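> Submitted below is the structure of interest, expressed as C-alpha cells.
The values are calculated or read from the model by the stated rules, or taken from the named source; none is laboratory data. Note that the coordinates shown come from a computational prediction; the quantities given were computed from them, not determined experimentally. We place every Cβ from the backbone using ideal geometry, glycine too, and count neighbours over all the protein chains shown. SASA here: full protein model, heavy atoms, side chains in, ligands and nucleic acids out. Shrake-Rupley method; radii C 1.70, N 1.55, O 1.52, S 1.80 Å.
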Amino acid sequence: MRPLALDLGLAAGAGLVLVADLFTAPQQKRLLGQLSVAILVLLFVASFFLDTTGAAFSGAYVGGPWVLFFKRAALAAGALALLGGLEHVAERWPHRQGEYALMVLSSVLGMTLLPGARDLIFLIVAFELMGVPLYVLATFGKDDSGRHSAEAGLKLYVVGAASTAITLFGLSLVVGLAGTTRLAGIATLPLSPLLGVGMMLLVAGMGFKLGVAPFHMWVPDTYQGASTPFVSFLSVAPKASGLAALVVVFSVGLSAHRATWLPVLVTLSALTLLVGNLLAIPQPNVKRLLAFSGVAQMGYLLMGLAAGTTEGIGMTLFYAATYIPTNLGVFLVVHAVTRADSVDPKDEGDAERTVSTFDGLARRSPWLAMAFLLFLLSLAGIPFVAGFWAQLYVFMAAWKVGLGWLVVLGAVLATVALYYYLGLARAAYVNPPKRSSGLAVDPALAFAIVVCLLAVVLIGVWPRPLLDAAMRAAAAAF
Amino acid sequence: MGHLLSLIVLAPMLAAVALLVVREEQRLLTRVVALAGAVASLIGSLVVAFVWDRAKGGLQLAEVYPLVPSLGIALRLAVDGWGVSLLLLTGIIITTGVLASWTVKEREKEFFILLLVLVAGVYGVFVSQDLFVFFLFYEIAVLPMYLLIAIWGSSNAVADAGPFKFVWKAFQIGGREYAAMKLTLMLLIGSAFILVAILAMYQQGGSTFDMGVLGAVKYAPAMQKWVFPLVWIGFGTLAGVFPFHTWSPDGHASAPTAVSMLHAGVLMKLGAFGVMRIGMMMLPDGALAWAPIVGTVAVVNVVYGAMSAMSQKDLKYIIAYSSVSHMGVVMLGAATLTVNGWNGAVYQMFAHGIMTGLFFALVGLVYEKAHTRAVPSMGGFGTVMPGVAAFFTIACLSSLGLPGTAGFVSELLVIFGAWQSAHAWWAIPGVLGAFITALYVLKVTRDIFWGPGPSEHFHDLGDAKRTEWAALWVLGAAIIVFGVWPRLLLDVIDIATGENLGALR
C-alpha cells in the first residue's frame, strides 16, 4: 500500500475529523478546521519525504512523480482554501465547522487519488469522490445569503450529475468496445464510430467539470452564489484534477486516436478563450467577472493539452500549478474585502458585489491592494509573476506543433483580458474609497493570502524548479 | 566590473523594494531613496560609458545567468555602442525625472515605486542579449504606465467637439483613464505581435533565445518577410509609427511630468531600438524587403506629426505630437539602412530623449504654476519666469535642429542617410518636417513666453525652484554639450553601427 500512503493518511485524517466532530463541544468546533488544515499541511510536507512510487490494486493505481505533482497541488489548495475560510465558517456556521472541513478533506482525497487511476472504474469513483462534496459545500450558505446559494448549489449539482452521466455513458461505450476497464486495454482499440461517440461524450462530460465553453454555463452562477472561500477552492483544485482526468483518459489511454480528439480540444480551447474573455468584459459583478476569467484561463490550459505532446502536458501542468495560488489568492482577497465590509448594515451582500467594492482599496489597505494587483497581473500573464511563464509556456508548446493561429488568438485575447483585469486594478488604485474605514483581515486569512502571494512572486522570479517538476511529472504520466 | 550591468538594472528595483518599507509620512526620505536609486543607475551608466573599450567594440561587459536552460532562456546581459548611449540617456532622464517630480502631492510612495520599476524594465531592455529576457523587460517597462497615468495624470479634461461629441463623452476621450487604458492596450497588442515573432524566430532558430546565436541564423527569406512586419508593427507601436501612434498624444498629454519625460524620452526609443535591433539586424532580408514601406511611413510620421502639432492648442499635445514627428526621424534613419542614417537614428534617439525630457519638465512647471495648458490663454510669461523661458527656448531650438544643439547633428545625419539611400526623395519630406517644426515651436515660444507681461489672471507665477533647477540645467547642458561636441557619443554609436550594418550585408 506504499503508493497510497498519503491518501490513506488523508482518509484517516478525514475519519479523525468526523469522529472528533461528535465529541467536540459547540464552542470548540473551531479546532476541527484547524485540525484539518494541520492534516493537509502535514501530508503536504510528508509528500516530500515519503516514497510513493509503485503500483497498487494489481495495477489499477500507479504512483510516481505524475501523481505526486497533483497530490501536492490538491493538498496545498485544500489547506490554503480551508485556512482562508476558517474564520468565515466559524462565524457563519458555528455548528457545522466539522462538516465543512470534512467535505473539503473528502474532496481533496478524491483529487489525490484520481491522477493515479489506471482503471476507468477507479477513475470515475475518484472523480465522484472529488465532486459530490463540492455540491454540499456550494449550498452551505443557503439559509443566510438567500436564493443565490441554493441556486449555486442546485446548478452545480444538476450540471455535475448530468456531466457525470454523460461521462459514464461515454465510458460505458469505450469499455463495452474494449471489454476491459483497464486503461491499457482501451489503448489498443481500433477506431470505430462508436468509439468516436464515446470519446466525444467523455470530452463533453469532463468539459462540464472544467467549465470549458460551451459547457461553462454553471460557472458564473455557482461562483456568484456560493460562499467566497469555497469558491476559491472550487475555482482551482477541481480544475487541476479535471485536467488530470483528461490526460489519463486521452493522452494515456486513447493516445492512438489523437488524430480524432486533438482537433476537438483545439476547437474547445479556441472557443473557451473567446467566450471567457469576451463575456468577462461586460460583467459588473466581481465574482461573475472572475468566473468568466476563470473560464478563459481554462482555454489557455487546454491549449497546452491540445498541443498533444509530452512537453505540452508538462507546460499545462505548470499552468495548472501556477493557476492555483493565483486564482485562489484573487478569491481570498475578494473574500477579505467582502468580510470586512459585511459589518456595514448598508452592505450589498456577498453575491451582489460589483467592481466598485474595491474602490480605494489601495488606501484602505495597501498590502491587500498590492496582493490583489499582483494576482490580477499574474492572471493577465505579465512578467515577474507566475502567470507570465505559464501563459508563455503553453504558447510555446502550441507554437511548436504548428498551432500558430491559436497562439495569436490567445495572445490577442490576453490583451482583452488585461482590459477587465485593469478595470479591477483601477477600482483598487485609482477610484476614491467608498468607505473610509480601514480593512481588518483575520490572521488566518492574511496568512493564506501571503502564502499565495509568495508562491506567485517566487514562481514568477524563479520558475525553473516548478517547470522541471512539471516536466518530470508529465514524462511520468505514461 | 563583472556585474555592472545587472547592478544598473537592480539599482532602481532595489530602491523600489526599499520604498515599500518607508512610511507614507516620511516624504523626504521617500524622495531621497528614489533619487538614490536613480542616481546609482546613472552613475552605473556613466561608468559603463567610460569602461566600454572603444578599440575593441562589439558587445562588452557580458554576464550570463541561466534561467530556464531546458528552453534556452538565460539572463544574458551585454552592451554595444548603441546600448551605451541609450543607457546614458535613460540614466539622465530618470534622474532628472525624479528631481522634476519632487513636488508630487498625493501618494508619493507608490508613485516613485512604480516609476522605479518602470525604469528598471527600460534598463533591462537596453542591456539584454536574450530575446526572451528582452521581451520580459519590455513588458515590465510598459505596464506600470497604466497606474502612473490613471492615478497621477492630469485632469480629466474631455474635449468634446464635432459631430461625434457623444462618442467622446461616452468614452471620456481625453480623460486620463481613457488615455491610460488606450496606451496600455495598444502597447500590449503590439507586444502580442512581438511575442508571435519571437516564437517564430525561436522555433526556426534552433530553440534558443540567445540573440547572438539567433542573429547568426540565416532565416528563410519567405519567413523573414512575414515576421519582420510583426516586429515592425509590434515595436513600432511603441515608437509611435503612423498609424499606430494614436496612444502617444493622449498618453503623453495625460501623464504626470516625470512619466511623460520617461515615456517620450526613453520608452519610445525602446520601440525604435527594438525595430532596429531585432527587426533589421536579425531579419535582414525582411528589412530589405520592407525598408521602402518603413521609410515611407516614417516620412508620413515626420510631416503628419509636425502638422498635427501645429494645429494643437494644448501645450502638452503640441509636445506630444512633436515627439511623433521626431520619432519619425528615427525610423526614417533606420529605414535608410546606411551608416549615416543609422548613426543619425541612434543619435536622434539620444538627442530627442534629452530634448523632449526638457520639454515635458518645462511644460509640467508651467502647468503647475499657471494651471492651464491652453496656449492661447498664455502670454508674456518670460518676464515672470525667465529661467523657464530660457530653457524652453533652448529645447525649441534643438527641436527645429539649430546648429549647435544636439537635434541638429542627428537630423543632419538622417537627411544625409536618406539622400544616400535607395530612396533619395525621403530627404525632401524630412527637410520639410524640420521646416514645419521650426514654424510651430517658434510660434509656441513666442505665444507663451515673449511679448508683453502676463495678464492679471496669472498672478502667482514664479520661476523654477530648488531641485527643478537641477533637472533643467542637466538637460539643457546636455543639449548644448552634445550639440557642440557630438563626437563624445557619436564615436561610440559609430562603432556599433559599423558592426551591426556589416552583419546585415
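> Percent of Cα-Cα pairs more than 43 Å apart in the protein assembly as shown, please.
38
> When you count, for each residue, the other Cβ atoms within 10 Å and take the mean per peptide, how do B:431-441, B:278-288 rank with the highest first?
Highest-to-lowest ranking by the protection proxy: B:278-288, B:431-441.
> So, in Å, what gap is there between the alpha-carbon centers of region A:13-70 and region B:226-298?
If you average the Cα positions of each part, the centres end up 55 Å apart.
> By how many degrees, 0 to 90 and rounded to 10, does the Cα axis of helix A:464-475 deviate from the longest principal axis of chain A?
30
> Right, another one. Where the centre of each part is set by its Cα atoms, how far does region A:404-478 sit from region A:385-401, in angstrom?
Cα centroid to Cα centroid, the span is 15 Å.
> Calculate how steeply helix A:193-210 sits against the longest principal axis of the alpha-carbon atoms of chain A, using the helix alpha-carbon long axis, and give the answer as 0 to 90 degrees to the nearest 10.
Its long axis makes an angle of about 20 degrees.
> Shifting gears a bit: To the nearest whole percent, what portion of all C-alpha pairs in region B:1-88 is separated by more than 16 angstrom?
Above the 16 Å cut-off, region B:1-88 has 60 percent of its Cα pairs.
> Can you tell me the FRET efficiency between B:Phe435 and B:Trp226 if r is taken as the Cβ-Cβ distance and R0 is 35 Å, rounded to the nearest 0.05?
0.40
> Still on this structure: Take the Cβ-Cβ distance between B:Lys56 and A:Ser192 as r, set R0 to 56 Å, and report the resulting FRET efficiency rounded to the nearest 0.05.
Approximately 0.20, to the nearest 0.05.
> Additional query: Tally Lys and Arg at +1 and Asp and Glu at -1 over the other residues with C-beta under 11 Å from the C-beta of A:Val295: what net charge comes out?
+2
> Follow-up. Taking a quarter of the surface of the Cα convex hull of region A:139-251, what do you get in nm²?
7.3
> Excluding A:Gly84 itself, what net charge comes from residues whose Cβ is under 13 Å from its Cβ, given Lys and Arg +1 and Asp and Glu -1?
Once all neighbours under 13 Å are counted, the net charge is -1.
> Quick one: longest stretch of chain B between exposed loop GluC sites (Glu not before Pro), exposed meaning at most 15 other C-beta atoms within 10 Å and loop per DSSP?
Result, exposed sites excluded: B:107-455.
> Could you give the semi-axes, largest first, of the ellipsoid that matches region B:288-445, computed as the square roots of 5 times the alpha carbon gyration tensor eigenvalues and rounded to whole Å?
30, 15, 11
> Accessible area of A:Met111, 1.4 Å probe, to the nearest 10 Å²?
A:Met111 has an accessible surface of roughly 0 Å² with all protein chains in place.
> Compute accessible area for region B:186-229 by itself and then with all protein chains, 1.4 Å probe, and report residues whose area falls by 20 Å² or more.
The answer is B:Leu188, B:Ile189, B:Ala192, B:Leu195, B:Val196, B:Leu199, B:Tyr202, B:Gln203.
> A further question follows. Please compute the Kirkwood hydrodynamic radius of region B:168-253 from all pairs of different C-alpha atoms, in Å with one decimal.
14.4
> Find the lysine pairs in region A:2-475 meeting two conditions, Cα atoms under 22 Å apart and a separation of 8 or more places or different chains, and report how many there are.
15
> Still on this structure, please answer the following. I'd like the distance between the alpha-carbon centres of region A:193-251 and region B:342-386, rounded to an integer number of Å.
57
> I want to check a number: in region B:4-504, how many lysine pairs have alpha carbons closer than 17 Å, given a sequence separation of 8 or more or different chains?
7
> For region A:65-73, what does the Karplus curve 6.51 cos²θ - 1.76 cosθ + 1.60, with θ = phi - 60°, yield as ³J(HN,Hα) per residue in whole Hz, taken in order and with x for Gly and Pro?
x, 4, 5, 4, 4, 6, 4, 5, 4
> For chain B, what ratio Rg/Rh do Cα atoms give with a Kirkwood hydrodynamic radius?
In chain B, Rg relative to Rh is 0.95.
> Further question on the same structure: Bins of 10 Å, beginning at zero and ending with the bin holding the largest distance: percent of Cα pairs per bin for region B:213-334, please.
Per 10 Å bin, starting at zero, the Cα-Cα P(r) for region B:213-334 comes out as 15, 44, 27, 12, 3 percent.
> Give me the orientation-averaged projected area of the Cα convex hull of region B:72-139, in nm², one decimal.
5.0
> Using bins 20 angstrom wide from zero, how does P(r) for region A:2-475 break down, in % of all Cα pairs?
The calculated distribution, bin by bin, is 26, 60, 14, 0.
> Also, I was wondering about something else. Taking only complete DSSP H runs, can you tell me which helices of chain B stretch 18 Å or more along their own long axis by Cα positions and average at least 1.6 on the Kyte-Doolittle scale?
Going by DSSP H runs, the hits are B:4-21, B:27-51, B:81-100, B:108-127.
> Quick one: compute a quarter of the convex hull surface over the Cα atoms of region B:352-505 and quote it in nm².
10.5
> Can you tell me the orientation of helix A:386-400 relative to chain A, as the angle in degrees between its alpha-carbon axis and the longest Cα principal axis, to the nearest 10?
30
> Oh, and also: Which whole-Hz ³J(HN,Hα) couplings does region A:302-312 yield from phi under the Karplus relation 6.51 cos²θ - 1.76 cosθ + 1.60, θ = phi - 60°, glycine and proline marked x?
5, 4, x, 5, 5, 5, x, 9, 4, 4, x
> Determine the total buried accessible area between chain B and chain A, counting protein heavy atoms only with a 1.4 Å probe; round to the nearest 100 Å².
So the buried area, both faces added, is about 3200 Å².
> Excluding ligands, DNA and RNA, what is the solvent-accessible area per residue of region A:2-475 at a probe of 1.4 Å, expressed in Å²?
With all protein chains present, region A:2-475 gives 32 Å² per residue.
> Here is a further query. Please list, in chain and number order, the residues 5+ apart from B:Gln312 or on another chain whose amide H is under 5 Å from its amide H, with Hs placed from the backbone.
none
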